[in-house]
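Participant: What follows is a single structure, and I will ask about it in a moment.
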Amino acid sequence: LAKTTQPISMDSYEGQEVNITCSHNNIATNDYITWYQQFPSQGPRFIIQGYKTKVTNEVASLFIPADRKSSTLSLPRVSLSDTAVYYCLVGGSGGSYIPTFGRGTSLIVHP
Amino acid sequence: NAGVTQTPKFRILKIGQSMTLQCTQDMNHNYMYWYRQDPGMGLKLIYYSVGAGITDKGEVPNGYNVSRSTTEDFPLRLELAAPSQTSVYFCASTVDLRPGRNYGYTFGSGTRLTVV
């Protein structure tokens, strides 16, 4: 399984753009990159998934460079409700994917 | 469409007691998982199942048992509760593991268990 590294915590303010970068140097050719969001006292929630270049949905954008050794989750104009833990997961190839959640990045959005 | 339903939401157990955490999904997902999450930590995989009748151990299976008699249900059994099992337990499911077809995992709302 590809190991991921992401910052333990980040702080931001309402209205700012937040970028959370995840490193995954040993990503396999068929692995996908998936990000989850977890609010306190809730289970993680799927945000976005991508393989290469850029993916955008109504919640976030995911930027993946050509070498795919890292990825950046971009949250535009965050609000207080975006305060949560964000997890980066890499995998999906080989047909035996067991999602492994590290400690994630704790994002705190300040007024 | 209820998704993944976990019961109970909260439970206090005494040391040595037993209980079953229930997990049911109505999405016809083959793959189901049980995780535990300790305060300030990530999720650790306890057991998982790739289909009815098939289960396997995850990272932290000791003290737990599971069964998967139907596609919908994946109960987690604690036989002799210990304080170290105080945690929040999450059940999750997904439809497909193939590259590019894994559209994310659906999690339940969790069971907060305290063993005293």
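Participant: For segment A:28-54, which positions are at the interface with chain B (Cβ under 8 Å from one of its Cβ atoms) and surrounded by fewer than 21 Cβ atoms within 10 Å (Cβ to Cβ)?
Facilitator: If the condition is that a residue be at the interface with chain B (Cβ under 8 Å from one of its Cβ atoms) and surrounded by fewer than 21 Cβ atoms within 10 Å (Cβ to Cβ), then A:ASN30, A:SER41, A:GLN42, A:ARG45, A:PHE46, A:GLN49, A:TYR51 are the ones that fit.
Participant: Output yes when any residue across segment B:21-34 is of a type in the set (A, V, I, L, M), in contact (Cβ under 8 Å) with a residue 40 or more places away in the chain and over 22 Å from A:PHE46 (Cα atoms), and no when none is.
Facilitator: Yes, the conditions are met somewhere in segment B:21-34.
Participant: Still on this model: As an exercise: evaluate B:HIS29 against (1) modelled with pLDDT of 95 or more; (2) open to solvent by less than 40 Å² (accessible area, probe 1.4 Å) and give the number of the one condition it does not meet.
Facilitator: The failed condition is (1).
Participant: If I go through segment B:2-20 residue by residue, how many of them are without any contact (Cβ under 8 Å) to a residue 60 or more places away in the chain and of a type in the set (A, V, I, L, M, F, W, C)?
Facilitator: The qualifying residues number 1.
Participant: Would you call B:ILE15 open to solvent by less than 50 Å² (accessible area, probe 1.4 Å) and closer than 13 Å to B:LEU113 by Cβ?
Facilitator: So B:ILE15 does not fit the description; no.
Participant: Just to verify a result, which residue in segment A:55-75, among those that are polar (S, T, N, Q) and without any contact (Cβ under 8 Å) to a residue 24 or more places away in the chain, is most open to solvent (accessible area, probe 1.4 Å)?
Facilitator: The residue in question is A:THR56.
Participant: Given the conditions (1) open to solvent by 20 Å² or more (accessible area, probe 1.4 Å); (2) more than 24 Å from A:THR34 (Cβ to Cβ), report the number of the one that B:LYS44 does not fulfil.
Facilitator: (2)
The values are calculated or read from the model by the stated rules, or taken from the named source; none is laboratory data. Just so it is clear, the structure is predicted and the values come from calculations on it, not from any experiment. Because the Cβ atoms are built from the backbone with ideal geometry, glycine has one as well, and the counts that use them run over all protein chains shown. Surface areas here come from the heavy atoms of the whole protein model, side chains and all, with no ligands, DNA or RNA. Shrake-Rupley method; radii C 1.70, N 1.55, O 1.52, S 1.80 Å.
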